[in-house]
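The values are calculated or read from the model by the stated rules, or taken from the named source; none is laboratory data. Computed from a predicted structure; not experimentally measured. Positions of Cβ are backbone-derived with ideal geometry, glycine not excepted, and every protein chain shown enters the neighbour counts. Just the protein is used for accessible areas: all its heavy atoms, side chains included, with ligands, DNA and RNA removed. Shrake-Rupley method; radii C 1.70, N 1.55, O 1.52, S 1.80 Å.
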Amino acid sequence: MPGSSPVPEGHVFIACSMDGFIARPDGDIVWLTSRPVPEGEDFGYAAFMYGIDRILMGSGSYLKVLTLGDWFYQKPVTVLSRSLTAEDVPEHLQGRVEITGETPGEVFGRLGAAGVGRVYVDGGQVIQSCLREGLIRRMTVTRIPVLLGEGLALFGATGPDIGLTHLRTKSWDNGFVQSVYDVG
Ligand SMILES: NC(=O)c1ccc[n+]([C@@H]2O[C@H](COP(=O)([O-])OP(=O)(O)OC[C@H]3O[C@@H](n4cnc5c(N)ncnc54)[C@H](OP(=O)(O)O)[C@@H]3O)[C@@H](O)[C@H]2O)c1
């Protein structure tokens, strides 16, 4: 539509078990964070974050990150939640975190009008919602060599198939395998 703002690109950068879980059923991610990694290796995270304007995550991920202590995000964060309110943002994060009951499409539209170009989409359920709404442009998925058997799934019901184009895959000596896909 002439004059309308471009919709930002949604980008995913996430790790999951070989059987596709991002956390244990209770949200535990120690199986991931305690893994030995090559010294100084960040698996491309800093370079990825450099190109990101805004982070969009679900309340599940937000509440988990709050328990980890340090707030390590350098970019503004939008939290999707139908149950949390602005009062659930601690004082030291005010101005850096917003909570909204908007749909992903509404958030992307608002961010596009504000000039945001690239959104890092995080949290399994929110990634799934954004995929269904056609908001994800690229996904970087790092497979961790472990089978958890059960947990919080990275992917779920999609409706129609969502085609992916494989761009590249890289592996490390510790068994991490990272693949990058464009959606479509
Ligand atoms: N392995 C990794 O790299 C990685 C990365 C990120 C997160 N995690 C882990 O994954 C867990 C959280 O993931 P998750 O999939 O359970 O949750 P999530 O996607 O982070 O959050 C889901 C919640 O967001 C809220 N929400 C609001 N609007 C939504 C919408 N349109 N679509 C989906 N959700 C919406 C809902 O809660 P309310 O509306 O009730 O608030 C929903 O329950 C945490 O344990 C976190 O540590 C792992």
Among the residues of the range 24-53, the number that are under 23 Å from L135 (Cα atoms) and either surrounded by fewer than 16 Cβ atoms within 10 Å (Cβ to Cβ) or among the hydrophobic types (A, V, I, L, M, F, W, C) (or both) is 9
The residue that is farthest from the ligand (Cβ to nearest atom), considering only those in the range 54-83 that are open to solvent by 70 Å² or more (accessible area, probe 1.4 Å) and in a loop (DSSP other than H, G, I, E, B), is Q74
Quiz item: Do we find that P104 is touching a helix residue (DSSP H, G or I) at 6+ places or on another chain (Cβ under 6 Å) and in contact (Cβ under 8 Å) with a residue 40 or more places away in the chain in this structure?
Solution: yes
Check: Within the bounds of the range 84-102, is there any residue that is over 18 Å from the mean Cα position of the chain (by Cα), near the ligand (Cβ under 9 Å from one of its atoms) and open to solvent by less than 60 Å² (accessible area, probe 1.4 Å)?
Finding: yes
Check: Among the residues of the range 117-136, is there at least one that is open to solvent by 80 Å² or more (accessible area, probe 1.4 Å) and hydrophobic (A, V, I, L, M, F, W, C)?
Finding: no
Test for G115: is it more than 10 Å from the ligand (Cβ to nearest atom) and small (G, A, S)
yes
